[in-house]
1. Only one of VAL155, VAL163 is under 26 Å from ARG58 (Cβ atoms), β-branched (Val, Ile, Thr) and out of contact with any Lys or Arg (no Cβ under 7 Å at 6 or more places or on another chain); which?
2. Identify, please: which residue in the range 125-160 is more than 16 Å from the chain's Cα centre (by Cα) and under 23 Å from VAL48 (Cβ atoms) and is, among those, surrounded by the fewest Cβ atoms within 10 Å (Cβ to Cβ)?
3. From the list ALA95, ALA46, which residue is out of contact with any Leu (no Cβ under 6 Å at 6 or more places or on another chain), of a type outside the set (Phe, Trp, Tyr) and at pLDDT 95 or above?
4. Which of the residues belonging to the range 52-76 are outside any helix (DSSP H, G or I) and either among the polar types (S, T, N, Q) or crowded, with 18+ Cβ neighbours inside 10 Å (or both)?
5. Have a look at ARG196, ARG169, ARG180 and point out the one that is part of a helix (DSSP H, G or I) and either surrounded by 13 or more Cβ atoms within 10 Å (Cβ to Cβ) or at pLDDT below 95 (or both).
6. Under 6 Å between Cβ atoms, which residue pairs at least 6 apart in sequence (or on different chains) link something in the range 120-143 that is over 13 Å from ARG168 (Cβ atoms) and assigned by TED's automatic domain parsing to the domain that holds VAL155 with a partner that is of a type in the set (D, E, K, R) and in a helix (DSSP H, G or I)?
7. Give the residue that is surrounded by the most Cβ atoms within 10 Å (Cβ to Cβ), with candidates limited to residues of the range 2-43 that are at pLDDT 50 or above and within 16 Å of LEU101 (Cβ to Cβ).
Amino acid sequence: MDAGVVGSGTRSDVAVPARATSAHAAGWVLRSAVAADIEVIAELRATVMRADLERLGRYDEHRVRQRLRDSFSPQHTSIIMIDRELAGCVTVRPAEDRQWLEHFYLAPHCQGQGLGSTVLRTVLERTDAQGMTVGLNVLQGSAARRLYERHGFVVEAQDPIDVFMMRRRGRWRARKPDLRRCDGPALVREAVFYGRDVTAAARVLRV
């Protein structure tokens, strides 16, 4: 994912309540980035982006690291820690009329266990509280796009290399069920979501 946490003083070394069942997703904390993190994050970026960049014919060993060095913003970046080890990072920085989410990377051994969704949900709760739109870009064909779509991002523009996405402040509204689609006697409530996940919907609607 080449896609950003809200720069607030409250994020340093704060344990975040677990919302997933995996060991990795349950014990993570965020700490503020420091300048000394830059090379570790540059290496992480090169590792996690290599397959997608090679698929697109865009991988360059120097450029993939230098782009991180050139844009690294410690004041807007959080480091994801598990058992005192760096497990990933995420940046959210101001950009015109929105917050821009970038450099959202997880170490390979931390992927596929719900950690990415949990961290992203925390980030979006903060931007929602600020009433901010969030923008990002992902590489064409990247699996990260599905993660962002599940959290309410929609495509704003794209080119042969990048897909630009945006998400307005999270909100949802319920609507009456279509009884013709109900299975048996069960009454099904449906929800139309803007930046909310289905699990949260089920809890609210009690279906």
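1. VAL155 is the lone residue from the list that is under 26 Å from ARG58 (Cβ atoms), β-branched (Val, Ile, Thr) and out of contact with any Lys or Arg (no Cβ under 7 Å at 6 or more places or on another chain).
2. Here the residue is PRO160.
3. Values: ALA95 fails: at pLDDT 95 or above.
It is ALA46.
4. Listed by number, the residues that qualify are PHE72, SER73.
5. It is ARG180.
6. VAL138/ARG145; LEU139/ASP52; SER142/ASP52
7. ALA3
The values are calculated or read from the model by the stated rules, or taken from the named source; none is laboratory data. All of these numbers come straight from a predicted model, not from anything done at the bench. Note that we place each Cβ from the backbone using ideal geometry, even for glycine, and neighbour counts take in every protein chain shown.
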